[in-house]
Structures are given as structure tokens and as C-alpha cells.
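Participant: The structure under discussion is supplied below as C-alpha cells; questions concerning it will follow.
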Amino acid sequence: VAPSTPVCEVPSSAMTGAVVQMSCKETEGSPPSEYQWYKNGVALLEKTGTGSARAANITYTMNKKSGTLLFNTVTKNDTGEYFCEASNGIGLSQKCSVKRMQV
């Protein structure tokens, strides 16, 4: 079954240094969807614990299985427009509407 349109939870504002968790979930896809977050239209990299993630100064953890995007400490650089895409290899992938977070 192709994914349904996911529901995204993105805070509209956050204080610098706060912990922010965004979530993305759809319920109809079978097999279960994987989730990819985008910021300002660019796919976010998944942090794998390798040197490249640290070199890119990644301050978040993205879980493609659960759809969560967790910032341990948000900075002004994290301000932007976020959306997530659900895909499971069947039918078209589905995106939620873009939501802006201001830090």
C-alpha cells in the first residue's frame, strides 16, 4: 500500500539552545514508510556517527524509521522551512506541507 500524506509536527518557534523534536508519521503505508526530512528544500543528511557528519557540523539526529528529527541544541542556523517525505517503495512518496521554524 502506498503511503498516505504524513502529518508533520514542527514548532513554529524555538529558543536558541533548546531541545527540539520534530515528528513525521503516516499510517497507511505497507510496508511501513521511511521518512526523509528536508530543510529549505534540501534533504537532510542522516547522522551515521562517521567523521563526515561531524565535519558537516550536524546538530541533529534524524531517524528514518520513526520519522523523528531531534535537535539537541538548536541554533539560529536551524531557522528554516522544514517538511518531511514518506516513502515505502510503493506508489508515489508523500510530503507534508512546509512548516517554518524560527529560532
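The values are calculated or read from the model by the stated rules, or taken from the named source; none is laboratory data. Since we're looking at a predicted model, the values are computed, not measured. Using ideal geometry, Cβ is built from the backbone for each residue, glycine included, and neighbour counts are taken over all protein chains shown.
Participant: Among (1) of a type outside the set (S, T, N, Q); (2) more than 13 Å from GLU9 (Cβ to Cβ); (3) touching a helix residue (DSSP H, G or I) at 6+ places or on another chain (Cβ under 8 Å), which single condition is MET101 missing?
Facilitator: If we test MET101 against (1) of a type outside the set (S, T, N, Q); (2) more than 13 Å from GLU9 (Cβ to Cβ); (3) touching a helix residue (DSSP H, G or I) at 6+ places or on another chain (Cβ under 8 Å), just (2) comes out false.
Participant: Among the residues of the stretch 1-18, write down those that are surrounded by 14 or more Cβ atoms within 10 Å (Cβ to Cβ) and outside any loop (DSSP other than H, G, I, E, B).
Facilitator: Once the filter is applied, which keeps residues that are surrounded by 14 or more Cβ atoms within 10 Å (Cβ to Cβ) and outside any loop (DSSP other than H, G, I, E, B), the stretch 1-18 yields VAL7, CYS8, GLU9.
Participant: Now for a different question. Out of ASN72, ASN77, ASN40, I need the residue that is surrounded by fewer than 15 Cβ atoms within 10 Å (Cβ to Cβ) and modelled with pLDDT of 95 or more. Which one?
Facilitator: ASN40
Participant: Moving on to the next point. Could you run through the stretch 19-46 and say how many residues are farther than 10 Å from TYR82 by Cβ, in contact with a Phe, Trp or Tyr (Cβ under 8 Å, 6 or more places away or on another chain) and assigned to a loop (DSSP other than H, G, I, E, B)?
Facilitator: So the count comes out to 1.
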